[in-house]
Amino acid sequence: MRAVILSTVLILFAGCAGSSAGMVTSNVPVEGLAYTVLGPAETTVSWWSFDVAVIAFPLGEPPVSEAVSNLLKEKQGDALVNLRYATDRTILLFMTRHRFHLKADVIKFDAAPPAQSPKEEKGKTQIPAQP
């Protein structure tokens, strides 16, 4: 009986963990542009959420853009290529700690990248005004 109670308490406190991973070629379009690789960089950011059964309430916004900014500042680059990322989570009772780990090669464009035209901006097509 004692072992069952101890096991139940350990399961409640230890919870479970999960993870995922992926790869992306770049964080901005770089096809046809000349650039110099400044070197590899990596960072890890985390955030918490409050979980009750199957409902989770985040206690903050996932800082993914902060991770990208950290890598660009670290090497003073313009963009990232060969991105490799992994996420994991650890559940402790009613709290879940989420982590986002990002590795990438930081690049610096040899010439200023062309400005995005208004027609391409965020996938929206602008309709010209009728005379």
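Since every read-out is calculated from the coordinates, none of them should be taken as a lab result. As the structure is a computational prediction, the values presented were derived from the model and not from experiment. Here the Cβ is made from the backbone with ideal geometry for all residues, glycine too, and neighbour counts use every protein chain on show.
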Quiz prompt | Nitroxide proxy distance, nm - points 7 Å out along Cα→Cβ at residue 53 and residue 37 | solution = 5.1
Self-check item: For residue 35, residues with placed amide H under 5 Å, excluding near neighbours
Solution: 110
Quiz item: Placing +1 at every Lys and Arg Cβ and -1 at every Asp and Glu Cβ, with all other atoms neutral, what dipole size does region 2-111 have around its Cα centre, in debye to the nearest 20?
Solution: 460
Quiz item: How big is Rg to Rh over region 2-111, alpha-carbon atoms, Rh as the Kirkwood inverse-mean-distance radius?
Solution: 1.17
Quiz prompt | Label-point gap, in nm, between residue 108 and residue 70 - each point 7 angstrom along Cα→Cβ | solution = 2.3
Exercise. Tell me which residues come under 5 Å, amide H to amide H, from residue 78 once H is placed; ignore anything under 5 positions away on its chain.
Key: 107, 108, 109
